[in-house]
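Chemist: Quick one: this structure, given as structure tokens, is what I'll be asking you about.
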Amino acid sequence: MNLTLILFVILAAVAVASAAGLLISRNTVYAALFLVLNFATVAVFYLLLGAPFIALAQVTIYAGAIMVLFLFVIMLLGADKLPPGKFLPWQRPTAIVLTGILLAEAGFLLFQRLQLSATLANPEASVNATETIRALGLALFNQYLLPFEVTSVLLLVAMVGVIVLTKKVKGEPG
Amino acid sequence: MAQTIPLSWYLAISAALFAMGALGVLIRRNPLIIFMSVELMLNAANLAFVAFARSFDVLTGQIFVFFVMTVSAAEVAVGLALIIIIFRNKHSIDVDLLNSLKG
């Protein structure tokens, strides 16, 4: 019991710290690596929540594919360090105040409205990894077959769109 | 194992990550970092989905997370292509330079 608690607290600290690192790091490559760390932490959260398939998908899709794409573009553009620009004087304080309001709202809803289900509703349900993944696959390919197929169309459209967008028109400079 | 952690703790982490993502979108100038902050927010929402799915013992939350991941992969691909085009046209990706629509 205590082991899970300690693991959760450490993971939470790492997740929040890596998100903060993403916010404050000047170098974009470091920011991307902080985000990879954050994604990995969230993947362990998924494992704790008994969602092994989602955890692995998180590692492969987010920490793998998406972040490689990010790093590739960062290095392609040579944009790892932007010169510090002029800030609107009120922008940063306003942003921090607005975010504080958002967080306070979330906390309020969490502790006022969610008292009923403050604990995991079905704590006795044993999490069997194989069974979860089997049930997930069955649901995905029976009940959610149409959304799944539409997803493939979406990915195809995104792929074609990216190719069309970045294709150089003949005669265009650069 | 995971049963000892209350649902509200996961939701609190999710809320904190979402707020930090929103802060990143608001205060950073680099569109790449803004994009990463958007990913952070999507991730926070995914965490809440999985926590609720576990709490109510249904799989629908996990399936929705799967779809969110797919859509965000598509979104990142298109967004990064747009950033590359902006870089080609402006030779910089500072979002402050994108003020052509300003009267």
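Chemist: Being within 7 Å of chain A (Cβ to nearest Cβ) and within 13 Å of the chain's Cα centre (by Cα) is the filter here, so list the residues in the range B:75-86 that pass it.
Modeler: Within the range B:75-86, just B:Val76 meets the criteria.
Chemist: In the range B:28-51, which residues are surrounded by fewer than 20 Cβ atoms within 10 Å (Cβ to Cβ) and either facing chain A (nearest Cβ under 7 Å) or at pLDDT below 90 (or both)?
Modeler: Residue satisfying the conditions is B:Arg29 alone.
Chemist: Being modelled with pLDDT of 85 or more and surrounded by 14 or more Cβ atoms within 10 Å (Cβ to Cβ) is the filter here, so list the residues in the range A:108-134 that pass it.
Modeler: A:Ile133
Chemist: For a quick check of your reading of the model, give me the residue pairs whose first member lies in the range A:137-153 and is at the interface with another protein chain (Cβ under 8 Å from one of its Cβ atoms), whose second is assigned to a loop (DSSP other than H, G, I, E, B) and modelled with pLDDT under 90, with beta-carbon atoms closer than 6 Å and at least 6 apart or on different chains.
Modeler: A:Ala139/B:Leu59
Chemist: Out of all the residues in the range B:33-74, which are free of Cβ contacts under 8 Å to residues at least 24 places away in the same chain and among the acidic types (Asp, Glu)?
Modeler: Of everything in the range B:33-74, just one residue is free of Cβ contacts under 8 Å to residues at least 24 places away in the same chain and among the acidic types (Asp, Glu), namely B:Asp57.
Chemist: Given the conditions (1) over 14 Å from the mean Cα position of the chain (by Cα); (2) under 21 Å from B:Met69 (Cα atoms), and given that A:Asn38 satisfies all but one, which numbered condition is not satisfied?
Modeler: (1)
Chemist: Suppose we keep only residues that are small (Gly, Ala, Ser) and in a loop (DSSP other than H, G, I, E, B) within the range B:60-103. Which one would you say is nearest to A:Ala51 (Cα to Cα)?
Modeler: B:Ser92
Chemist: Among the helices (runs of 4 or more DSSP H) confined wholly to the range A:5-96, which include 1 or more residues that are more than 7 Å from chain B (Cβ to nearest Cβ) and over 29 Å from A:Glu131 (Cα atoms)?
Modeler: The helices (runs of 4 or more DSSP H) meeting that bar are A:28-48, A:67-77.
The values are calculated or read from the model by the stated rules, or taken from the named source; none is laboratory data. Owing to the predicted nature of the structure, the values given are computational and were not obtained by experimental measurement. Positions of Cβ are backbone-derived with ideal geometry, glycine not excepted, and every protein chain shown enters the neighbour counts.
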